[in-house]
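Working notes for the structure below.
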């Protein structure tokens with residue numbers, strides 16, 4: 001079992017959902033390596049596969065003093081999402097015994113120019129792993145986020161889930177994965193409540 005470094009900004013309902021999904025992923029996916037990053041505050045689905053900013057030439061006819069602008073960019077090859085390292089509360093790495101991958105030991109989020117993130121490919125991190133981002137401060141926000149990149153050889157499946165408090169904590173939206181797949185992962189949690 002992988003321990004997530006939660007803090008007192010997250011309620012039990014949110015933590016239980018995250019723990020259940022992650023333990024289900026570990027059982028079914030059987031990764032060699034797992035990175036878990038806690039991000040300060042909630043983040044939305046636009047962070048999924050987000051590479052960073054790119055410099056584009058601006059139409060100087062309307063604004064001659066502005067020759068270039070920064071625009072959001074999504075690379076064809078999936079990169080580490082361009083969270084500012086100031087938002088990273090913690091990053092933990094877990095690996096199976098005998099796994100010796102030096103790149104996995106490096107921090108996912110580094111201080112660098114946003115345009116440099118194009119070369120920070122997630123596939124270079126691991127050949128068989130999970131990279132997971134979890135929001136914080138869900139107690140105050142009454143919502144939280146989970147983003148998962150599953151890497152197996154050169155194939156990457158990435159997805160996002162929004163978890164909100166609506167009478168009880170539940171998954172409300174997903175991107176990159178069918179919501180029913182997430183709900184299936186959570187049946188274990190429902191069974192636990194029924195037996196109590």
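Values in this text are rule-based calculations from the coordinates and carry no lab data. Here the structure is a predicted model, which means the values were calculated and not measured. When we count neighbours, we look across all protein chains shown, and the Cβ atoms used for this are built from the backbone with ideal geometry, even at glycine.
The ranking of 146, 183, 108 by Cβ neighbour count inside 10 Å, starting from the fewest, reads 183, 108, 146. If the chain linking residue 100 and residue 139 were pulled fully straight, counting 0.36 nm for each residue of separation and taking away their Cα-Cα distance, it would gain 10.3 nm. The stretch between residue 91 and residue 110 holds 5.7 nm of extra length on full extension. This uses 0.36 nm per residue minus the Cα-Cα distance. Ordered by the number of other Cβ atoms lying within 10 Å of each residue's own Cβ, fewest first, 17, 177 fall into the sequence 177, 17. Averaging the Cα positions of each part gives two centres, and for segment 18-42 and segment 78-155 these lie 11 Å apart.
By the count of neighbouring beta-carbon atoms within 10 Å, fewest first, 77, 12, 33 end up ordered 12, 77, 33.
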